[in-house]
Structure formats: structure tokens, C-alpha cells
1. I want the local charge near Ser131. Using Cβ-Cβ distances under 11 Å, sum +1 for each Lys or Arg and -1 for each Asp or Glu among the other residues.
2. With a ≥ b ≥ c the root eigenvalues of the C-alpha gyration tensor of the range 81-173, is it rounded (a/c under 1.5), prolate (a/b larger than b/c) or oblate?
3. For Asn190 paired with Ser110, estimate the spin-label separation in nm (one decimal), with each label point 7 Å from Cα along the Cα-to-Cβ line.
4. When DSSP beta bridges are limited to those with both residues in the chain, what percentage is antiparallel, rounded to the nearest 5?
5. What order, most packed first, do the peptides 147-153, 78-84 have when packing is the mean number of other Cβ atoms within 10 Å of each residue?
6. Once R0 is set to 30 Å, what does the formula 1/(1 + (r/R0)^6) return for the Cβ-Cβ distance between His65 and Gln172, expressed as a FRET efficiency to the nearest 0.05?
7. What is the chain by shape, rounded, prolate or oblate, if you read a ≥ b ≥ c off the alpha carbon gyration tensor as root eigenvalues and call it rounded for a/c under 1.5, prolate for a/b larger than b/c, and oblate otherwise?
8. Could you identify which residue out of Ile69, Ile140, Ile11 has the top mean-square fluctuation in a GNM of the chain using Cα springs shorter than 10 Å?
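The values are calculated or read from the model by the stated rules, or taken from the named source; none is laboratory data. Because the structure is predicted, anything quoted here is derived from the model rather than measured. Every residue, glycine among them, receives a Cβ derived from its backbone with ideal geometry; neighbour counts consider all protein chains shown. Note: areas computed on protein heavy atoms with side chains; ligands, DNA, RNA excluded. Shrake-Rupley method; radii C 1.70, N 1.55, O 1.52, S 1.80 Å.
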Amino acid sequence: MIAIHSIFESISGEVGFMPQGSWCTIVRLQGCNLRCRWCDTKDSQSIEAKYMLSIDEVIDRCKNHKVLITGGEPLIQEETLKLIDRLIERHHFVQIETNGSIFLPSGYSSDCGWVVDYKGPSSGMMDRMPSFEEFIDNWIEHRVIVKLVVDNSKEDLEFVFQILSKMYGLFQFAISPLDAKGEKILDIVNFIRERDEKLLGDLIFSIQMHKVVGLL
Ligand code: SF4
């Protein structure tokens, strides 16, 4: 059984393997091991689930070809990997958003796309992140976009520079300002350009579209 917060149809609001703005089924799982300061889905943090559904029941509710699994934190539930595998068997296009603090079991592989956060200083959760080396080891063999949500403070921008420098060429990085304000992107561009312009080549800039549109 899987602890579910909600299953609904909406747009994929962030950069990922499915194009931003795609209409998809969103499976929001219940329970998270982190407590980010700026979490916008606080009611999915508790492990107290509103619904417990079997994998078959979740699959029956996935009406769209494209399925985005998010949370909460999907990887705190063992059944999540089985759900991913079953959806892919049924030819769904599956993307998972995970918070970066949990590793995949060794040897696990899948055709899904992983959008993996690396939480920066403004989240208050940096001490729960693996080292850069551990992060690379865990994710390098998978289809990954690393997501950086930043509040444009000096600390967050320094962190972005550090992670890009350390992982240059290994991953694509989706970066989005916390408040979904487009002008903040220019600040990030200018900051990185002054330090090392080539690092911009690993970045995909993103505005969280669901916030702009006003959807969940
Ligand atoms: S990882 Fe996601 S769901 Fe968990 S506290 Fe942070 S923002 Fe909220």
C-alpha cells in the first residue's frame, strides 16, 4: 500500500523530462523526511496519510499518459519503486521529483526521469544533503536533472556556483527562483557570468509555471 496525499490532473509546472507545461497526472505521495523553510506543500510532510491505496488503485487513477510522481518525498516509501516499474510496464511516461536526501537502492535502474533536488542554504536543509561526491556516485548512472530552488540571497547564489563548479558537465541543472519572478533569473545569469561564464551551459532556467498560472 502507498500513502497518498492526492492524485489529480494539472500542468507540469517545472522543467523536467516531460516538457514544462505538459498536461499530466500528478501523484503526490504523503510523507517527507525534510522540513524545508519554504515548503509549499506542508500538508504532504506528515506521515499520517489521508489515503492508503494499492499500486493497482493508483495506476487506475493515472488517466494521462504522462505521470509525475512527487511528494512529500517519494523515496521514503518502498512501494514507490514498484509503482514506477508498473507504470512504465504500462507504457506511461514517468517522471519523479525527489528531494536529494535519499539514495536509490544499489542496482536499481529504470527508464523514468528523475528530477533530483539539491537543497541550498535558504531551505535550511543543507545538512541533510549528501556530499557532492556521494550525490554524483548515486545519480550519475540515471536520467537526472538536478533542480536548484534559490531565493537569490548571496548564500544561495554562492551555493549555486559551488555545485555547478563541482559537477560541471555531469548533469543538467534546472534552476528556478523561489518566488517565480522572472527578473530574478537575470540576477542569477549575471552572478554566474561574472564568476565563470561556461557554467551557464549546464543551466536550464525555469519559472515555476503552476505558481504563475495559479494551479496546484
Ligand atoms: S522536500 Fe519538498 S515536500 Fe519535503 S519539506 Fe522540502 S519542499 Fe516540502
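1. Values: positive: Lys166; negative: Glu133, Glu134, Asp137.
Net charge in that neighbourhood comes out at -2.
2. prolate
3. 4.1
4. 30
5. 147-153, 78-84
6. Working: r = 23 Å, r/R0 = 0.77.
Once rounded, the FRET efficiency stands at 0.80.
7. Numbers: a/c = 1.70, a/b = 1.55, b/c = 1.10.
Prolate, because a/c is 1.5 or more and a/b exceeds b/c.
8. So, out of Ile69, Ile140, Ile11, the one fluctuating most is Ile140.
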